[in-house]
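The values are calculated or read from the model by the stated rules, or taken from the named source; none is laboratory data. Nothing here was measured: the structure is a model prediction, and the numbers come from that model. Every residue, glycine among them, receives a Cβ derived from its backbone with ideal geometry; neighbour counts consider all protein chains shown.
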Amino acid sequence: MSSLIMSISGMRAVVGETLDPSLALKMGKAFGTFIGKGPVIIGGDTRVSYDMVQKAVVSGLVSVGTDVIDVGRVLTPTVQQMIRTFNAKGGIVISASHNPIQWNGIKLMNEAGSFLTPEEYAQFEPLIKEENFPLKSWDAIGTVTEVTDAVQRHVDIILSKIDTTSISASKLRVLVDPNNGAGALADPILLDALGVEYDILNADPNGKFNHDPEPLENNLTELKEALQKGNYDIGFAQDADADRLVILDERGRFIGEDYSLGICVDYILQTESSPSDCVVVNLSTSLVIENIAKQHGLTTHYTKIGETNVTEGIRQHNAIAGGEGNGGVIYPKVGWGRDSLVGIVLALKHLAESKKTVSEIVNSYPKFIMIKDKYSIASRDEVLPFLDKIKAHYASNKIDTQDGVKVYFDNAWVHVRPSNTEPIVRIFVEAPTKDEALRLIDEVKSL
Ligand code: MG
């Protein structure tokens, strides 16, 4: 099974196997050639392999004449914010996001502070393959400038765009699990500024994750138990680079990533008037968002998977909010990417101003059960015959083929697609009951 993935989301590989520093060097040279003089913001999460990858990428960038602003170990959304702060021409994040500890990766950003668009990636990709990099002479190589307060700047930007006085007046008690990832760098700064009482689990940003970094229910046992024993109003978990956020309720119940996004989007729609008629989410996002949007008189526009597709959709539709059902909140008033810190602020405002508990808010939404299954494949091509079978079997249903195959049923759907970042096929099913969801997933897998 291949453990090297190259896609529009960037590169991900396994340290000691496929993550050869020469590859990171080549990515740096290619991105520098693509961007030109720059500057380029570079930062990354707390993974132990950060220095190994970061130094090679910086070396590559500088060798082709690109100036680098090094913001160090930060959250992925911090790099996105710093691109705009410093009017940079692009950014690179050293991170494998939610992948396990042995992975690392390189994410590529454009000057708007979003992931490369499909068009930009199509221009960049041939540069890696051609390996024809115009190296610069000693007096024309790039420079490296260090910025050591990027996380503080990121938090300050959020606080300048969102009024948080209702949170400081609320006396909310908060528990967060950044899992020794990049969230641990920002959470104390943000929560101190918000004036809430808080505790942080796995608060050392040493990159030695205490559990699998994907914020799924099975990985959050410690947080659940601490919420059950302690006296908190809300629990948060972040993935390793802290773009994704999930919420647990006051009793330690995992409410699901989509409902986490729902709490944030609902708050925005309750308190601001929308400049357009829709919110924008990706195809694997729960119907709960569509229901929340409908309550506020808005429709829901669905995009392909991948943050860049959602941000492009938000831009095109001038949407007030959007995101990904995996706990990725995108609030364009603050930034063009998923940001767990923005999600924390919006969820706390929702609690503070509604005076409701997390479980009361969640119980006011319609109930959907989503089942996320996956299986390993050797290559993306392997999945095509399966997708064709699904299309043929459900030919009389409404089908969306923007990204894999999504089949719509009455109040339910199935979405099958190869992952962009891992050698797997994902099968997502959502229905009002678990029995119906299980029946649908069995039906599709039997094909
Ligand atoms: Mg992430």
Practice problem: Say whether the condition of being farther than 16 Å from Thr143 by Cβ, surrounded by 19 or more Cβ atoms within 10 Å (Cβ to Cβ) and within 16 Å of the ligand (Cβ to nearest atom) is met by at least one residue in the stretch 17-31. | Solution: no
Practice problem: Name every residue in the stretch 361-400 that is in contact with a helix residue (DSSP H, G or I) (Cβ under 8 Å, 6 or more places away or on another chain) and either closer than 30 Å to Leu175 by Cα or in contact (Cβ under 8 Å) with a residue 60 or more places away in the chain (or both), in order of residue number. | Solution: Ile361, Val362, Tyr365, Pro366, Phe368, Ile369, Met370, Ile371, Asp373
Quiz item: What number of residues in the stretch 87-100 are in contact with a strand residue (DSSP E or B) (Cβ under 8 Å, 6 or more places away or on another chain) and within 16 Å of the ligand (Cβ to nearest atom)?
Solution: 8
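Per-residue answers, yes or no, for (1) β-branched (Val, Ile, Thr); (2) within 30 Å of Thr303 (Cα to Cα); (3) crowded, with 23+ Cβ neighbours inside 10 Å:
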{"residue": "Val53", "(1), (2), (3)": "yes, no, yes"}
{"residue": "Thr85", "(1), (2), (3)": "yes, yes, no"}
{"residue": "Ile92", "(1), (2), (3)": "yes, yes, yes"}
{"residue": "Pro100", "(1), (2), (3)": "no, yes, no"}
{"residue": "Thr117", "(1), (2), (3)": "yes, yes, no"}
Exercise. Search the stretch 76-90 for residues that are closer than 17 Å to Thr308 by Cβ and pair each with any residue that is among the charged types (D, E, K, R) and crowded, with 24+ Cβ neighbours inside 10 Å when their beta-carbon atoms are under 7 Å apart and the residues are at least 6 apart or on different chains.
Key: Thr76/Lys107; Thr76/Asp241; Thr76/Asp243; Pro77/Asp243; Pro77/Arg338; Pro77/Asp339
Quiz item: What tally of residues in the stretch 353-395 results from selecting those that are within 25 Å of the chain's Cα centre (by Cα) and within 26 Å of Asn231 (Cα to Cα)?
Solution: 5
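Listed here are the residues, each with its yes/no results for (1) touching a His at 6+ places or on another chain (Cβ under 7 Å); (2) at positive phi; (3) part of a helix (DSSP H, G or I).
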| site | (1), (2), (3) |
| --- | --- |
| Asn87 | no, yes, no |
| Ala96 | no, no, no |
| Asn99 | no, no, no |
| Gly105 | no, no, no |
| Ala112 | no, no, no |
| Leu127 | no, no, yes |
| Asn132 | no, no, no |
| Leu135 | no, no, no |
| Trp138 | no, no, no |
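Would you call Leu348 within 14 Å of the ligand (Cβ to nearest atom) and either at pLDDT below 95 or surrounded by 21 or more Cβ atoms within 10 Å (Cβ to Cβ) (or both)?
Here the answer is no, as Leu348 does not meet what is asked.
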Self-check item: Ile399 more than 19 Å from the chain's Cα centre (by Cα), within 18 Å of Leu283 (Cβ to Cβ), assigned to a helix (DSSP H, G or I) and more than 16 Å from the ligand (Cβ to nearest atom)
Solution: no
Practice problem: Please report, ordered by residue number, the strands (runs of 3 or more DSSP E) entirely within the stretch 1-84 with at least 1 residues that are out of contact with any helix residue (DSSP H, G or I) (no Cβ under 6 Å at 6 or more places or on another chain), under 30 Å from Tyr375 (Cβ atoms) and polar (S, T, N, Q). | Solution: 4-7
Quiz prompt | Whichever residue in the stretch 189-204 is buried (at least 17 other Cβ atoms within 10 Å of the Cβ) and not small (Gly, Ala, Ser) and, among such residues, is farthest from Lys171 (Cα to Cα) | solution = Asn202
Quiz item: Which of the residues belonging to the stretch 418-447 are in contact with a strand residue (DSSP E or B) (Cβ under 6 Å, 6 or more places away or on another chain), within 20 Å of Asn309 (Cα to Cα) and not aliphatic (A, V, I, L, M)?
Solution: Pro418, Ser419, Asn420, Thr421, Arg426, Phe428
Practice problem: Name every residue in the stretch 264-275 that is part of a helix (DSSP H, G or I) and more than 9 Å from Ile289 (Cα to Cα), in order of residue number. | Solution: Cys264, Tyr267, Ile268, Leu269, Gln270, Thr271
Quiz prompt | All positions within the stretch 205-237 that are in contact with a Pro (Cβ under 7 Å, 6 or more places away or on another chain) and closer than 23 Å to Lys171 by Cβ | solution = Ala237
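Take Ile247 and decide whether it is among the hydrophobic types (A, V, I, L, M, F, W, C), assigned to a strand (DSSP E or B) and in contact with a helix residue (DSSP H, G or I) (Cβ under 6 Å, 6 or more places away or on another chain).
In short, yes.
Can you tell me which residue is farthest from Gln316 (Cα to Cα) among those in the stretch 101-141 that are within 15 Å of the ligand (Cβ to nearest atom) and modelled with pLDDT of 95 or more? Even if it seems obvious, please write down each step before you answer.
Within the stretch 101-141, the first condition is being within 15 Å of the ligand (Cβ to nearest atom), and the residues that meet it are 101, 103-109, 114-115.
Narrowing further to those that are modelled with pLDDT of 95 or more: 101, 103-109.
Numbers: Ile101: 36, Trp103: 34, Asn104: 32, Gly105: 29, Ile106: 27, Lys107: 23, Leu108: 21, Met109: 19 Å.
If we take residues in the stretch 101-141 being within 15 Å of the ligand (Cβ to nearest atom) and modelled with pLDDT of 95 or more, then Ile101 is farthest from Gln316 (Cα to Cα).
Taking the residues in the stretch 292-310 that are of a type in the set (S, T, N, Q) and modelled with pLDDT under 95 as candidates, determine which candidate is nearest to the ligand (Cβ to nearest atom).
Restricting to residues being of a type in the set (S, T, N, Q) and modelled with pLDDT under 95, the top hit is Thr308.
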